[in-house]
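*Asks:* Just passing along the structure, written as C-alpha coordinates.
The values are calculated or read from the model by the stated rules, or taken from the named source; none is laboratory data. All values derive from a computational prediction rather than experimental measurement. Positions of Cβ are backbone-derived with ideal geometry, glycine not excepted, and every protein chain shown enters the neighbour counts.
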Amino acid sequence: MSSAAEKILDDALPRICGRASNSRGFTPEDLRPRVTKAVEKYLLRDGGNHGNAEIRTFLDDLRADDLCLVLACERGDADAWEELVTNFDSTVKSAARKISSNSEDAEDLASSIWAELYGLREGKSKLAYYSGRGSLGGWLRAVVAQLAVDQYRKIARFVQVEEDRDFDSLASDSSEISGNGDDPEANLADKTMQSDVAEALKIAIDSLDAEDRLIMKLYYFDDMKLKDIGAMFGFHEATASRKLVRIQSLIRKSSEKALRERHGWSEVEVSKYLSETASKLGISVEHMFTVTILLVLMQDLI
(Lines give C-alpha, C1' and ligand atoms only; values in the text may rest on other atoms or scores of the structure.)
Protein backbone atom coordinates (compact mmCIF):
# COMPACT_ATOMS: atom_id res chain seq x y z
CA MET A 1 0.00 0.00 0.00
CA SER A 2 1.38 3.40 -0.97
CA SER A 3 2.06 6.13 1.55
CA ALA A 4 -0.85 8.14 0.11
CA ALA A 5 -3.22 5.21 0.61
CA GLU A 6 -1.90 4.70 4.13
CA LYS A 7 -2.64 8.35 4.91
CA ILE A 8 -6.20 7.99 3.58
CA LEU A 9 -6.63 4.89 5.73
CA ASP A 10 -5.30 6.71 8.80
CA ASP A 11 -7.84 9.48 8.27
CA ALA A 12 -10.73 7.09 7.56
CA LEU A 13 -10.38 4.67 10.47
CA PRO A 14 -11.58 7.13 13.15
CA ARG A 15 -14.55 8.02 10.92
CA ILE A 16 -15.46 4.35 10.55
CA CYS A 17 -15.43 3.92 14.32
CA GLY A 18 -17.45 7.09 14.70
CA ARG A 19 -20.13 5.91 12.25
CA ALA A 20 -20.85 2.80 14.32
CA SER A 21 -23.78 3.29 16.68
CA ASN A 22 -22.04 0.69 18.86
CA SER A 23 -18.31 0.39 18.28
CA ARG A 24 -18.16 -2.36 20.94
CA GLY A 25 -15.03 -0.83 22.38
CA PHE A 26 -13.00 -1.13 19.19
CA THR A 27 -10.45 1.56 18.41
CA PRO A 28 -9.36 2.63 14.93
CA GLU A 29 -6.26 0.51 15.36
CA ASP A 30 -8.40 -2.53 16.16
CA LEU A 31 -10.14 -2.12 12.81
CA ARG A 32 -6.97 -1.50 10.84
CA PRO A 33 -6.06 -5.13 9.93
CA ARG A 34 -9.53 -5.99 8.55
CA VAL A 35 -9.99 -2.69 6.74
CA THR A 36 -6.47 -2.83 5.28
CA LYS A 37 -7.15 -6.33 4.00
CA ALA A 38 -10.39 -5.14 2.38
CA VAL A 39 -8.68 -2.24 0.60
CA GLU A 40 -5.92 -4.48 -0.67
CA LYS A 41 -8.38 -7.12 -1.84
CA TYR A 42 -10.88 -4.93 -3.63
CA LEU A 43 -8.78 -1.99 -4.83
CA LEU A 44 -5.11 -2.91 -4.88
CA ARG A 45 -5.05 -6.59 -5.83
CA ASP A 46 -3.52 -7.56 -9.17
CA GLY A 47 -1.84 -4.19 -9.49
CA GLY A 48 -5.02 -2.17 -9.14
CA ASN A 49 -4.31 1.54 -9.48
CA HIS A 50 -7.34 3.22 -7.97
CA GLY A 51 -7.26 6.92 -7.24
CA ASN A 52 -7.40 8.48 -3.79
CA ALA A 53 -11.04 9.48 -4.25
CA GLU A 54 -12.04 5.87 -4.97
CA ILE A 55 -10.24 4.65 -1.87
CA ARG A 56 -11.96 7.29 0.28
CA THR A 57 -15.37 6.37 -1.15
CA PHE A 58 -14.73 2.67 -0.55
CA LEU A 59 -13.76 3.30 3.09
CA ASP A 60 -16.70 5.63 3.70
CA ASP A 61 -19.11 3.00 2.34
CA LEU A 62 -18.00 0.23 4.72
CA ARG A 63 -20.76 -1.00 7.04
CA ALA A 64 -19.35 0.13 10.38
CA ASP A 65 -21.97 -1.44 12.66
CA ASP A 66 -21.96 -4.77 10.86
CA LEU A 67 -18.17 -4.87 10.84
CA CYS A 68 -17.89 -4.10 14.56
CA LEU A 69 -20.52 -6.74 15.33
CA VAL A 70 -18.63 -9.38 13.37
CA LEU A 71 -15.29 -8.47 14.95
CA ALA A 72 -16.86 -8.66 18.41
CA CYS A 73 -18.20 -12.14 17.64
CA GLU A 74 -14.75 -13.21 16.50
CA ARG A 75 -13.38 -11.86 19.77
CA GLY A 76 -15.75 -14.17 21.65
CA ASP A 77 -18.14 -11.50 22.90
CA ALA A 78 -21.21 -13.44 24.13
CA ASP A 79 -23.49 -10.40 23.86
CA ALA A 80 -22.41 -9.83 20.27
CA TRP A 81 -23.14 -13.46 19.37
CA GLU A 82 -26.56 -13.20 20.96
CA GLU A 83 -27.27 -10.05 18.95
CA LEU A 84 -26.05 -11.66 15.73
CA VAL A 85 -28.30 -14.69 16.19
CA THR A 86 -31.28 -12.59 17.29
CA ASN A 87 -31.00 -10.18 14.37
CA PHE A 88 -30.04 -12.60 11.60
CA ASP A 89 -31.40 -16.05 12.44
CA SER A 90 -34.61 -15.28 10.55
CA THR A 91 -32.52 -14.09 7.58
CA VAL A 92 -30.53 -17.33 7.53
CA LYS A 93 -33.63 -19.52 7.91
CA SER A 94 -35.55 -17.62 5.24
CA ALA A 95 -32.67 -17.97 2.77
CA ALA A 96 -32.35 -21.67 3.63
CA ARG A 97 -36.07 -22.27 3.04
CA LYS A 98 -35.97 -20.61 -0.36
CA ILE A 99 -33.03 -22.66 -1.55
CA SER A 100 -34.00 -26.04 -0.03
CA SER A 101 -36.46 -28.56 -1.39
CA ASN A 102 -38.16 -29.25 1.96
CA SER A 103 -38.37 -27.91 5.52
CA GLU A 104 -36.10 -30.60 6.97
CA ASP A 105 -33.30 -29.76 4.53
CA ALA A 106 -33.83 -26.07 5.26
CA GLU A 107 -33.41 -26.62 9.00
CA ASP A 108 -30.26 -28.67 8.45
CA LEU A 109 -28.83 -26.01 6.14
CA ALA A 110 -29.58 -23.19 8.60
CA SER A 111 -27.93 -25.16 11.41
CA SER A 112 -24.90 -25.78 9.22
CA ILE A 113 -24.57 -22.06 8.54
CA TRP A 114 -24.34 -21.27 12.25
CA ALA A 115 -21.82 -24.08 12.70
CA GLU A 116 -19.74 -22.48 9.93
CA LEU A 117 -20.03 -19.05 11.54
CA TYR A 118 -19.10 -20.36 14.99
CA GLY A 119 -16.10 -22.11 13.47
CA LEU A 120 -17.21 -25.53 14.68
CA ARG A 121 -16.30 -27.31 11.44
CA GLU A 122 -12.79 -26.10 10.63
CA GLY A 123 -11.84 -24.19 13.75
CA LYS A 124 -12.11 -20.85 11.96
CA SER A 125 -15.29 -18.82 11.79
CA LYS A 126 -16.43 -17.91 8.30
CA LEU A 127 -17.11 -14.44 9.68
CA ALA A 128 -13.41 -13.85 9.09
CA TYR A 129 -14.30 -13.41 5.41
CA TYR A 130 -16.68 -10.52 6.05
CA SER A 131 -15.00 -7.17 5.39
CA GLY A 132 -17.84 -4.68 5.82
CA ARG A 133 -18.34 -4.36 2.08
CA GLY A 134 -22.08 -4.85 1.60
CA SER A 135 -24.69 -5.58 4.24
CA LEU A 136 -24.17 -8.43 6.66
CA GLY A 137 -27.66 -9.73 5.86
CA GLY A 138 -26.92 -9.89 2.15
CA TRP A 139 -23.57 -11.56 2.82
CA LEU A 140 -25.24 -14.21 4.99
CA ARG A 141 -27.76 -14.98 2.24
CA ALA A 142 -24.88 -15.47 -0.15
CA VAL A 143 -23.17 -17.81 2.32
CA VAL A 144 -26.39 -19.84 2.60
CA ALA A 145 -26.56 -20.26 -1.17
CA GLN A 146 -22.91 -21.20 -1.39
CA LEU A 147 -23.06 -23.74 1.43
CA ALA A 148 -26.11 -25.35 -0.18
CA VAL A 149 -24.11 -25.97 -3.34
CA ASP A 150 -21.13 -27.18 -1.30
CA GLN A 151 -23.30 -29.67 0.55
CA TYR A 152 -24.88 -31.00 -2.61
CA ARG A 153 -21.47 -31.44 -4.18
CA LYS A 154 -19.91 -32.89 -1.01
CA ILE A 155 -16.96 -30.53 -1.33
CA ALA A 156 -15.46 -29.14 1.88
CA ARG A 157 -14.16 -25.81 0.73
CA PHE A 158 -15.16 -22.22 1.36
CA VAL A 159 -15.15 -19.57 -1.35
CA GLN A 160 -15.12 -15.91 -0.48
CA VAL A 161 -18.48 -14.50 -1.51
CA GLU A 162 -18.15 -10.77 -1.52
CA GLU A 163 -16.51 -9.85 -4.80
CA ASP A 164 -17.89 -9.94 -8.35
CA ARG A 165 -15.15 -12.26 -9.58
CA ASP A 166 -15.85 -14.59 -6.67
CA PHE A 167 -19.53 -14.68 -7.59
CA ASP A 168 -18.65 -15.46 -11.21
CA SER A 169 -16.52 -18.37 -10.04
CA LEU A 170 -19.21 -19.55 -7.65
CA ALA A 171 -21.87 -19.46 -10.36
CA SER A 172 -19.65 -21.53 -12.59
CA ASP A 173 -18.92 -23.99 -9.77
CA SER A 174 -22.63 -24.53 -9.19
CA SER A 175 -22.97 -26.29 -12.53
CA GLU A 176 -20.06 -28.69 -11.90
CA ILE A 177 -20.55 -32.41 -11.50
CA SER A 178 -18.25 -34.98 -9.97
CA GLY A 179 -16.20 -35.80 -13.08
CA ASN A 180 -15.11 -39.09 -14.62
CA GLY A 181 -12.27 -40.38 -12.50
CA ASP A 182 -9.14 -41.05 -14.45
CA ASP A 183 -10.61 -40.43 -17.92
CA PRO A 184 -8.99 -37.13 -19.05
CA GLU A 185 -10.95 -36.98 -22.29
CA ALA A 186 -14.26 -37.39 -20.50
CA ASN A 187 -13.24 -34.86 -17.85
CA LEU A 188 -12.40 -32.32 -20.53
CA ALA A 189 -15.80 -32.83 -22.14
CA ASP A 190 -17.48 -32.36 -18.76
CA LYS A 191 -15.59 -29.12 -18.10
CA THR A 192 -16.63 -27.77 -21.51
CA MET A 193 -20.26 -28.61 -20.87
CA GLN A 194 -20.13 -27.07 -17.40
CA SER A 195 -18.77 -23.85 -18.87
CA ASP A 196 -21.51 -23.86 -21.52
CA VAL A 197 -24.25 -24.23 -18.88
CA ALA A 198 -22.86 -21.44 -16.69
CA GLU A 199 -22.57 -19.09 -19.67
CA ALA A 200 -26.08 -19.94 -20.88
CA LEU A 201 -27.57 -19.21 -17.46
CA LYS A 202 -25.71 -15.90 -17.23
CA ILE A 203 -27.00 -14.91 -20.67
CA ALA A 204 -30.56 -15.87 -19.72
CA ILE A 205 -30.52 -13.84 -16.52
CA ASP A 206 -28.87 -10.85 -18.17
CA SER A 207 -31.65 -10.87 -20.80
CA LEU A 208 -34.38 -10.34 -18.18
CA ASP A 209 -35.93 -6.90 -18.13
CA ALA A 210 -35.35 -4.62 -15.16
CA GLU A 211 -38.69 -5.43 -13.48
CA ASP A 212 -38.13 -9.19 -13.66
CA ARG A 213 -34.63 -8.90 -12.21
CA LEU A 214 -35.94 -6.66 -9.42
CA ILE A 215 -38.70 -9.14 -8.57
CA MET A 216 -36.12 -11.93 -8.30
CA LYS A 217 -33.88 -9.78 -6.11
CA LEU A 218 -36.73 -8.68 -3.81
CA TYR A 219 -38.00 -12.21 -3.35
CA TYR A 220 -34.75 -14.12 -2.93
CA PHE A 221 -32.44 -11.58 -1.28
CA ASP A 222 -34.52 -8.83 0.31
CA ASP A 223 -36.80 -11.46 1.88
CA MET A 224 -39.97 -9.74 0.69
CA LYS A 225 -43.20 -11.72 0.62
CA LEU A 226 -45.03 -12.04 -2.68
CA LYS A 227 -47.93 -9.95 -1.41
CA ASP A 228 -45.53 -7.11 -0.55
CA ILE A 229 -43.83 -7.36 -3.94
CA GLY A 230 -47.25 -7.23 -5.56
CA ALA A 231 -48.20 -4.16 -3.54
CA MET A 232 -44.99 -2.45 -4.59
CA PHE A 233 -45.75 -2.98 -8.25
CA GLY A 234 -49.52 -2.52 -7.94
CA PHE A 235 -50.73 -6.07 -8.56
CA HIS A 236 -52.18 -8.94 -6.50
CA GLU A 237 -50.13 -11.55 -4.62
CA ALA A 238 -51.35 -14.24 -7.02
CA THR A 239 -50.07 -12.18 -9.93
CA ALA A 240 -46.70 -11.81 -8.23
CA SER A 241 -46.54 -15.58 -7.78
CA ARG A 242 -47.36 -16.16 -11.45
CA LYS A 243 -44.72 -13.65 -12.47
CA LEU A 244 -42.07 -15.40 -10.38
CA VAL A 245 -42.91 -18.78 -11.91
CA ARG A 246 -42.89 -17.20 -15.37
CA ILE A 247 -39.45 -15.66 -14.76
CA GLN A 248 -38.01 -18.97 -13.56
CA SER A 249 -39.47 -20.75 -16.57
CA LEU A 250 -38.14 -18.05 -18.89
CA ILE A 251 -34.64 -18.45 -17.50
CA ARG A 252 -34.71 -22.19 -18.04
CA LYS A 253 -36.07 -21.92 -21.58
CA SER A 254 -33.65 -19.13 -22.50
CA SER A 255 -30.64 -21.01 -21.15
CA GLU A 256 -31.65 -24.21 -22.95
CA LYS A 257 -32.05 -22.18 -26.15
CA ALA A 258 -28.59 -20.68 -25.66
CA LEU A 259 -27.11 -24.16 -25.22
CA ARG A 260 -28.66 -25.26 -28.51
CA GLU A 261 -28.01 -22.15 -30.60
CA ARG A 262 -24.73 -20.80 -29.19
CA HIS A 263 -23.04 -24.05 -28.25
CA GLY A 264 -24.59 -26.49 -30.70
CA TRP A 265 -26.16 -28.80 -28.13
CA SER A 266 -28.87 -31.18 -29.31
CA GLU A 267 -32.22 -31.52 -27.52
CA VAL A 268 -31.09 -34.91 -26.21
CA GLU A 269 -27.81 -33.46 -24.87
CA VAL A 270 -29.62 -30.62 -23.10
CA SER A 271 -32.13 -32.92 -21.42
CA LYS A 272 -29.63 -35.67 -20.58
CA TYR A 273 -26.85 -33.45 -19.21
CA LEU A 274 -29.11 -31.30 -17.03
CA SER A 275 -30.87 -34.37 -15.61
CA GLU A 276 -27.58 -36.13 -14.88
CA THR A 277 -26.10 -33.02 -13.26
CA ALA A 278 -29.12 -32.59 -10.99
CA SER A 279 -29.04 -36.29 -10.12
CA LYS A 280 -25.39 -36.12 -9.09
CA LEU A 281 -26.15 -33.07 -6.97
CA GLY A 282 -29.03 -34.95 -5.35
CA ILE A 283 -31.72 -32.48 -6.42
CA SER A 284 -34.29 -31.95 -9.16
CA VAL A 285 -33.54 -30.08 -12.37
CA GLU A 286 -35.85 -27.25 -11.33
CA HIS A 287 -34.14 -26.98 -7.94
CA MET A 288 -30.74 -26.98 -9.61
CA PHE A 289 -31.81 -24.07 -11.78
CA THR A 290 -33.12 -22.19 -8.73
CA VAL A 291 -29.82 -22.61 -6.89
CA THR A 292 -27.80 -21.50 -9.90
CA ILE A 293 -30.11 -18.55 -10.57
CA LEU A 294 -29.50 -17.38 -7.00
CA LEU A 295 -25.75 -17.57 -7.43
CA VAL A 296 -25.74 -15.67 -10.72
CA LEU A 297 -28.07 -12.99 -9.36
CA MET A 298 -25.66 -12.38 -6.48
CA GLN A 299 -23.34 -10.57 -8.87
CA ASP A 300 -25.59 -7.51 -8.62
CA LEU A 301 -26.30 -7.58 -4.92
CA ILE A 302 -23.21 -7.08 -2.79
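*Asks:* Scan the range 7-21 for residues that are surrounded by 14 or more Cβ atoms within 10 Å (Cβ to Cβ) and within 19 Å of Asp77 (Cα to Cα) and report the count. Write out each step before concluding.
*Replies:* From the range 7-21, those surrounded by 14 or more Cβ atoms within 10 Å (Cβ to Cβ) are 8-9, 12-13, 15-17, 19-20; that's our starting set.
Next cut, within 19 Å of Asp77 (Cα to Cα) only: 17, 20.
Qualifying residue count for the region: 2.
*Asks:* Yes or no: the range 233-256 includes at least one residue that is at pLDDT 80 or above, polar (S, T, N, Q) and surrounded by 20 or more Cβ atoms within 10 Å (Cβ to Cβ).
*Replies:* Checked against the condition, which is being at pLDDT 80 or above, polar (S, T, N, Q) and surrounded by 20 or more Cβ atoms within 10 Å (Cβ to Cβ), the range 233-256 yields at least one hit.
*Asks:* Check the range 68-81 and report whether any residue there is closer than 17 Å to Ser125 by Cβ, touching a residue at least 60 places away in the same chain (Cβ under 8 Å) and surrounded by 19 or more Cβ atoms within 10 Å (Cβ to Cβ).
*Replies:* yes
*Asks:* Please tell me if Val39 is surrounded by 19 or more Cβ atoms within 10 Å (Cβ to Cβ), more than 27 Å from Ala115 (Cβ to Cβ) and without any contact (Cβ under 8 Å) to a residue 40 or more places away in the chain. Talk me through it step by step, then tell me what you get.
*Replies:* Numbers: surrounded by 19 or more Cβ atoms within 10 Å (Cβ to Cβ): yes; more than 27 Å from Ala115 (Cβ to Cβ): yes; without any contact (Cβ under 8 Å) to a residue 40 or more places away in the chain: yes.
So Val39 passes the test.
*Asks:* Now for a different question. Out of (1) in a helix (DSSP H, G or I); (2) more than 24 Å from Gly137 (Cα to Cα); (3) at pLDDT below 75, the odd one out for Gly179 is which?
*Replies:* With respect to (1) in a helix (DSSP H, G or I); (2) more than 24 Å from Gly137 (Cα to Cα); (3) at pLDDT below 75, Gly179 is out only on (1).
*Asks:* On to the next question. Pairs only if they're at least six apart or on different chains, beta carbon under 6 angstrom, first in the range 2-16 and within 14 Å of Ala53 (Cβ to Cβ), second surrounded by 14 or more Cβ atoms within 10 Å (Cβ to Cβ); list them, first residue then second.
*Replies:* Qualifying pairs under 6 Å: Ala5/Ile55; Ile8/Ile55; Ile8/Arg56; Ala12/Leu59.
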